[in-house]
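Sharing a structure below in structure tokens format, with a few things to ask.
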Amino acid sequence: MTHKPQIKIPATYMRGGTSKGVFFRLKDLPEACQTPGEARDKLLLRVIGSPDPYQKQIDGMGGATSSTSKTVILAEPTQPDHDVDYLFGQVSIDKPFVDWSGNCGNLTAAVGAFAINSGFVAKDRIPENGTCTVRIWQANIRKTIVAHIPITNGEVQETGDFELDGVTFPAAEVQVEFMDPADGEGSMFPTGNLVDDLEVPGVGTLKATMINAGIPTIFVNAEDIGYKGTELQDDINSDPAALARFETIRAHGAVKMGLIQNIEEAANRQHTPKVAFVAKPSDYVSSSGKSIGAGDVDVLVRALSMGKLHHAMMGTAAVAIATASSVPGTLVNLAAGGGDRTHVTFGHPSGTLRVGAEAKEVDGQWTATKAIMSRSARVLMEGWVRVPGNTF
């Protein structure tokens with residue numbers, strides 16, 4: 001039997017925030033994969049090592065978690081006054097599909113550096129020393145993101161002393177601004193309410209704040225579903241019944257938000273919406289053993305991604321948290337003490353994170369103008385990724 005040899009594709013493996021992913025330039029992909037469709041999806045699935053019934057992704061670059069089963073494609077900008085187009089693909093671990101429905105806020109921190117290193121940013125805009133502003137068009141959600149990348153001796157500065165809970169080693173700080181992060185095609189609160197009664201069969205009727213900012217997110221109160229908001233990954237991920245309940249909540253919330261027509265469609269839209277639960281501040285010990293005091297945070301938040309509790313916090317969900325906290329009356333705002341605020345520090349399983357957000361009410365409609373957070377990023381490996389020649 002004749003088997004086609006492997007092909008190699010230029011790629012870079014990068015960490016951005018608390019995520020990792022394989023980065024490509026669009027023009028480096030095989031011709032059949034340079035346009036959206038089955039060939040591209042098959043390629044990215046094989047690169048990452050999915051679908052894998054063992055859920056380990058041993059035969060690919062994925063790390064068997066939602067945070068490490070990610071791909072990024074960068075291309076020449078399609079919008080004026082931007083440097084690069086950024087397309088994100090969340091690769092399912094055990095199913096044969098790539099979810100293109102949302103952004104990855106964490107990997108956004110790495111997009112700016114990759115854009116500079118790959119020649120997307122004009123050389124006259126890169127200082128010898130200082131900060132390079134990279135204007136990113138997020139093609140999944142059609143939003144502008146601005147990344148501020150530190151530059152030393154004309155090159156991206158990756159090392160530094162900025163510490164990010166959920167990442168073991170320090171690195172250079174990258175400030176990321178999510179401009180107008182609310183969904184531009186509808187209301188930031190798609191139901192028209194800051195808090196809804198969400199009916200979930202088998203669970204009950206839950207108070208829920210459903211918001212489109214950063215990424216569509218459903219927030220519920222921790223105490224309403226039997227939690228304290230101090231839980232770590234194993235407390236949730238080792239409980240199949242709990243995961244099933246969260247998926248049921250997510251599916252019914254997605255229908256109410258108008259993202260899907262019926263709950264069966266949720267199975268093929270794993271990346272969005274996210275589901276999270278909030279609680280008032282309380283002492284707890286993070287996954288690294290770090291003690292978090294109630295006075296260290298404004299609110300506690302735990303969020304699920306791709307069906308599992310996230311080990312820290314998704315960057316896009318952090319935008320949703322900050323934006324919701326800035327609107328008086330949402331569940332996030334109330335758990336944080338209520339009132340007006342322009343930033344929030346929240347506790348997550350790995351520690352804490354501070355995010356700024358600005359929202360305003362115009363003619364009875366709330367809209368977000370900007371969300372800001374600091375992350376870090378660095379290149380882990382660069383060269384070529386290989387896949388069998390009969391992949392697509």
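The values are calculated or read from the model by the stated rules, or taken from the named source; none is laboratory data. Values in this document were obtained by computation on a predicted structure and should not be read as measured data. With ideal geometry, Cβ positions are generated from the backbone for all residues, glycine too; neighbour counts draw on all protein chains shown. Heavy atoms of the whole protein, side chains included, go into the accessibility calculation; ligands, DNA and RNA do not. Shrake-Rupley method; radii C 1.70, N 1.55, O 1.52, S 1.80 Å.
Any idea which residue in the range 351-372 is modelled with the lowest pLDDT, counting only those that are basic (Lys, Arg) and within 20 Å of the chain's Cα centre (by Cα)? Please lay out each step first, then the result.
Within the range 351-372, the subset basic (Lys, Arg) is 354, 360, 370.
Among the residues that remain, those that are also within 20 Å of the chain's Cα centre (by Cα) are: 354, 370.
Numbers: Arg354: 96, Lys370: 91.
Per the criteria, the residue is Lys370.
For the range 114-129, which residues satisfy the criterion of being outside any loop (DSSP other than H, G, I, E, B), out of contact with any Leu (no Cβ under 9 Å at 6 or more places or on another chain) and either open to solvent by less than 10 Å² (accessible area, probe 1.4 Å) or not aliphatic (A, V, I, L, M) (or both)? Steps first, please.
So the first thing to find is which residues in the range 114-129 are outside any loop (DSSP other than H, G, I, E, B), and the list is 114-117, 123-125.
Keeping just the survivors that are out of contact with any Leu (no Cβ under 9 Å at 6 or more places or on another chain) gives 116-117, 123-125.
Selection gives Asn117, Lys123, Asp124, Arg125.
Any chance the range 273-292 includes a residue that's open to solvent by less than 20 Å² (accessible area, probe 1.4 Å), in a loop (DSSP other than H, G, I, E, B) and over 30 Å from Gly49 (Cα atoms)?
Within the range 273-292 (the criterion being open to solvent by less than 20 Å² (accessible area, probe 1.4 Å), in a loop (DSSP other than H, G, I, E, B) and over 30 Å from Gly49 (Cα atoms)), the answer is yes, since at least one residue qualifies.
Considering each of Gly337, Gly329 in turn, give the residue that is on the phi > 0 side of the Ramachandran plot and in contact with a Leu (Cβ under 6 Å, 6 or more places away or on another chain). First the steps, then the outcome.
Working: Gly337 fails: in contact with a Leu (Cβ under 6 Å, 6 or more places away or on another chain).
Going through Gly337, Gly329 in turn, the sole match is Gly329.
Can you list residue pairs whose Cβ atoms sit under 7 Å apart, with the first residue in the range 231-243 being within 23 Å of Asp283 (Cα to Cα) and in contact (Cβ under 8 Å) with a residue 12 or more places away in the chain and the second being open to solvent by 80 Å² or more (accessible area, probe 1.4 Å) and charged (D, E, K, R)? Count only pairs 6 or more apart in sequence or on different chains.
Once the first residue is within 23 Å of Asp283 (Cα to Cα) and in contact (Cβ under 8 Å) with a residue 12 or more places away in the chain and sits in the range 231-243, its partners that are open to solvent by 80 Å² or more (accessible area, probe 1.4 Å) and charged (D, E, K, R) give Asn237/Lys308.
Moving to a separate point now. Given the conditions (1) assigned to a helix (DSSP H, G or I); (2) over 19 Å from His311 (Cα atoms); (3) touching a Phe, Trp or Tyr at 6+ places or on another chain (Cβ under 9 Å), report the number of the one that Met210 does not fulfil.
All conditions pass for Met210, except number (1).
Applying the selection to the range 1-57, what residues are β-branched (Val, Ile, Thr) and either surrounded by 15 or more Cβ atoms within 10 Å (Cβ to Cβ) or within 18 Å of Leu107 (Cβ to Cβ) (or both)? Break it down into steps so the answer makes sense when it comes.
Of all residues in the range 1-57, those β-branched (Val, Ile, Thr) come to 2, 7, 9, 12, 18, 22, 35, 47-48.
Across the range 1-57, the qualifying residues are Ile7, Ile9, Thr12, Thr18, Val22, Val47, Ile48.
Sticking with this one: Can you tell me which residue is modelled with the lowest pLDDT among those in the range 84-113 that are assigned to a loop (DSSP other than H, G, I, E, B) and open to solvent by less than 10 Å² (accessible area, probe 1.4 Å)? I'd like the intermediate steps shown before the answer.
Just the residues of the range 84-113 that are assigned to a loop (DSSP other than H, G, I, E, B), to begin with: 92-97, 100-104.
If we keep only those that are open to solvent by less than 10 Å² (accessible area, probe 1.4 Å) as well, we get 92, 102-104.
Details: Ser92: 96, Gly102: 92, Asn103: 95, Cys104: 96.
Only one residue fits best here, namely Gly102.
Let me ask something additional. Just to be sure before I move on: is Asp28 in contact with a Pro (Cβ under 6 Å, 6 or more places away or on another chain), closer than 26 Å to Met313 by Cβ and free of Cβ contacts under 8 Å to residues at least 60 places away in the same chain in the structure I sent?
Numbers: in contact with a Pro (Cβ under 6 Å, 6 or more places away or on another chain): yes; closer than 26 Å to Met313 by Cβ: no; free of Cβ contacts under 8 Å to residues at least 60 places away in the same chain: yes.
No.
Checking the conditions here, which among Asp196, Asp224 is touching a Leu at 6+ places or on another chain (Cβ under 8 Å), more than 21 Å from Ala312 (Cβ to Cβ) and either in contact (Cβ under 8 Å) with a residue 60 or more places away in the chain or surrounded by fewer than 19 Cβ atoms within 10 Å (Cβ to Cβ) (or both)? I'd like the intermediate steps shown before the answer.
Working: Asp196 fails: touching a Leu at 6+ places or on another chain (Cβ under 8 Å).
Just a single option satisfies the conditions, and that option is Asp224.
Just to be sure before I move on: is Ala75 more than 28 Å from Arg135 (Cβ to Cβ) and more than 18 Å from the chain's Cα centre (by Cα) in the structure I sent? Even if it seems obvious, please write down each step before you answer.
Numbers: more than 28 Å from Arg135 (Cβ to Cβ): no; more than 18 Å from the chain's Cα centre (by Cα): yes.
Spelling it out, it is not the case that Ala75 is more than 28 Å from Arg135 (Cβ to Cβ) and more than 18 Å from the chain's Cα centre (by Cα).
I've got another one for you. Read through the list (1) within 22 Å of His310 (Cα to Cα); (2) open to solvent by 30 Å² or more (accessible area, probe 1.4 Å), then give the number of the only condition that Phe219 fails.
With respect to (1) within 22 Å of His310 (Cα to Cα); (2) open to solvent by 30 Å² or more (accessible area, probe 1.4 Å), Phe219 is out only on (2).
A further question follows. Of the residues that sit in the range 305-347 and are part of a strand (DSSP E or B) and open to solvent by 10 Å² or more (accessible area, probe 1.4 Å), which one is nearest to Ala359 (Cα to Cα)? Don't jump to the end; show me each part of the working.
Initially, the range 305-347 is screened for residues part of a strand (DSSP E or B), giving 305, 308-309, 343-347.
Cutting the leftovers down to open to solvent by 10 Å² or more (accessible area, probe 1.4 Å) gives us 308, 343, 345.
Working: Lys308: 30, His343: 11, Thr345: 17 Å.
It comes out as His343.
Can I ask one more? Suppose we filter Gly166, Gly214, Gly202, Gly253 for residues that are among the small types (Gly, Ala, Ser), open to solvent by 60 Å² or more (accessible area, probe 1.4 Å) and either touching a residue at least 40 places away in the same chain (Cβ under 8 Å) or closer than 26 Å to Ser101 by Cα (or both); which single one remains?
Working: Gly166 fails: open to solvent by 60 Å² or more (accessible area, probe 1.4 Å); Gly214 fails: open to solvent by 60 Å² or more (accessible area, probe 1.4 Å); Gly253 fails: open to solvent by 60 Å² or more (accessible area, probe 1.4 Å).
Gly202 is the lone residue from the list that is among the small types (Gly, Ala, Ser), open to solvent by 60 Å² or more (accessible area, probe 1.4 Å) and either touching a residue at least 40 places away in the same chain (Cβ under 8 Å) or closer than 26 Å to Ser101 by Cα (or both).
Give me a count of the residues in the range 261-272 that are open to solvent by 10 Å² or more (accessible area, probe 1.4 Å) and not in a helix (DSSP H, G or I). Outline the logic, then answer.
Just the residues of the range 261-272 that are open to solvent by 10 Å² or more (accessible area, probe 1.4 Å), to begin with: 261-265, 267-270.
From what is left, the residues that are not in a helix (DSSP H, G or I) are 261-262, 269-270.
The total comes to 4.
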